[in-house]
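Here's the structure, in structure tokens; my notes come after.
Rule-based calculations on the coordinates, nothing more; no lab input. What you see is a predicted model; the values in this text were computed from it and never measured. Glycine gets a Cβ as well: all are built from the backbone with ideal geometry, and neighbour counts include every protein chain shown.
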Amino acid sequence: MASTRKFSMQGALDVAIHNLETGDLEAYLEDCLTTSIEMSAEKVYSMGRGGSYITGFGHSRRVPVTIQHGYPTSEILAIQSGQDIIIGTNTNVMKFEKLTVNSDAATTSFTALGTVGEELGSLWVLDSSGSFSTKLTQAGTASATEFTYTVGTKAIATSGLDDGTVIMVAYNYTADATAQTIKFDTDIFAGNKKVVMTGLAIDNCSDKTYKAQLIFRKMSIADGFTYSFEETGDPIVQDMNMEALSSCTSNTLMEWVIFDEDLAV
């Protein structure tokens, strides 16, 4: 049976993103909330007597695409950063920790990193309301204004603090070898990708389901997105904006294919 010529579509499309150079699949987005496609072009006219239009000329066809995915993924963030995901330890992460002092001692949960003798640098004694009250600095000997830190045992030693006193420390520690790091640098951008969007088209008369696929040979991936973290709000979503480009092999910005996958070979 020939593919449908009268069809309806509903629901966001799945989106596949490929590396332009290698053809490798870099991300496949199955939980899109919206996939918005706009087709536009400029039209200019030659004009005659009384300002009447005589002949129209089209130019500057554009196909901007907006995608909203239900949640961030490492693959999406890597594409928008323009860099690969780095798997491995990271020592830039920080721990912010409230500890309770007993017998002028407390212990950090993890090993603090940094210059010897300055791993913690300073700490704050918290008052009864939980606010910063007194600042102590790291030193070789504990005193009323100073504390010591021993890396091997993760031990903090103070002098003259009452048992039950709460202190606040902040320090760098080591994220393990499975950590993922995605960097956003000032001089590296998202670049261009091949994008294929897939959905279903339903024949308006027979209700037969057909595969519908939108193929973009080359798309510019926008670098920007916005997160709004709200205490009682909805979870964040991931926005991706794209713009179809003319490729070196074709002047086709978008190819829309509707076919019966049962007949595919």
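Worth a mention:
- The listed peptides 158-166, 128-136, ordered by packing as a protection proxy, come out as 158-166, 128-136 (highest mean of other Cβ atoms within 10 Å first).
- Taking GluC sites (Glu not before Pro) in DSSP loop conformation with at most 14 other Cβ atoms inside 10 Å as exposed sites, the chain has its longest uninterrupted site-free stretch at 119-229.
- Euclidean distance of C-alpha centroids, segment 27-80 and segment 190-265, integer Å: 12
- For peptides 107-116, 194-203, sequence by mean Cβ density within 10 Å, most packed first: 194-203, 107-116
- Hits among lysines - C-alpha to C-alpha of LYS218 under 27 Å, sequence gap 8 or more where chains match: LYS43, LYS183, LYS193, LYS194
- Distance-filtered residues of segment 220-240 - backbone nitrogen under 17 Å, label point 7 angstrom along ILE188 Cα→Cβ: 221-224
- Positive-pole candidate from HIS18, VAL237, VAL116, dipole of the chain, charges at beta carbon: HIS18
- Among beta bridges that DSSP assigns inside the chain, antiparallel share in %, nearest 5: 95
- D by Stokes-Einstein for segment 94-172, Kirkwood Rh over Cα pairs, 4 °C, 1.567 mPa s: 106 µm²/s.
- The loop-placed trypsin sites (Lys or Arg not before Pro) in segment 1-99, going by DSSP, that have at most 14 neighbouring Cβ atoms within 10 Å of their Cβ come out as ARG5, LYS6.
- Label-point separation in nm, GLU75 to SER52, each point 7 Å along Cα→Cβ: 5.8
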